[in-house]
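Following: one structure in structure tokens, then a few remarks.
Here, each number is a calculation from the coordinates, and none is a lab measurement. Given the structure is predicted, the values throughout are model-derived calculations rather than measurements. Cβ placement follows ideal geometry from the backbone for every residue including glycine, while neighbour counts extend to all protein chains displayed.
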Amino acid sequence: MFKRILVAVDGSDTAEQALLEAINLAKEQKAQLRIVHAVDIVNLNLATEFPNPAEISDALTKSGREILRKAEVVARGAGVAVETRLIEIDTLGHRIPEVIVADAEAWPADLIVICTHGRSGLSRMFLGSVAEGVVRVATKPVLLIRGK
């Protein structure tokens, strides 16, 4: 049923659960797996005083590559055909949910797997919900993995 599964990871324990679920599905379905991590390097709040905005951007990119490297090791260790992609948002107006969905469309994925941290109230309002945004704009099926 699913031959191309895209999973978005953010380095959290909940994203690790989503990755493991995506790996299990990929094994069951004999599917390809694409692991993505999105880094928003243009919408940093640069109004505050950072010593060097380029350093922040570089640190986010480096961290994203490391998250992907670790996820790839886990997937390869499970015997899954896997590729990774770091998505860098470098244009104003683009948001993480939209670029994840755009990547799923372009690849093209049959299923998007993403974690949801289950925040509510003020923390959800201030931190937002990437998973909710993905569900709102996706044209593909989305599997939400809720944290324990």
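Some points to look at:
- Convex hull volume of the chain per residue (C-alpha atoms, cubic angstrom): 113 Å³
- Phi-based couplings in Hz for the range 130-144 (Karplus 6.51, -1.76, 1.60; Gly and Pro marked x): 5, 4, 4, x, 5, 4, 5, 9, 6, 9, 9, x, 10, 9, 8
- Summing charges over neighbours of Met1, with a neighbour being any other residue whose Cβ is under 12 Å away from its Cβ, gives +1 when K and R count +1 and D and E count -1.
- Under 5 Å between amide hydrogens, built in the peptide plane, is the criterion, and for Val113 it picks out Leu6, Val7, Ala8, Leu143 among residues at least 5 positions away or on other chains.
- Pairwise FRET efficiency - Ile56 versus Ala78, Cβ, R0 = 30 Å, nearest 0.05: 0.35
- Over the chain, Cα pairs under 8 Å with separation of 6+ residues give a relative contact order of 32 percent.
- Amide H contacts of Ile87: His37, Ala38, Val39, each under 5 Å away and 5 or more positions distant or on a separate chain (H built 1.01 Å from N in the peptide plane; Pro and chain starts excluded).
- Lys27-Arg136 FRET efficiency (beta carbon distance; Förster radius 35 Å; 0.05 resolution): 0.75
- Partners for Lys70 among lysines (Cα-Cα distance below 24 Å; same-chain residues under 8 apart left out): Lys3, Lys27, Lys30, Lys62, Lys148
- In order along the range 59-66, phi translates into HN-Hα couplings of 5, 5, 5, 4, 4, x, 5, 5 Hz, rounded to whole numbers, per the Karplus curve 6.51 cos²θ - 1.76 cosθ + 1.60 with θ = phi - 60° and x for Gly and Pro.
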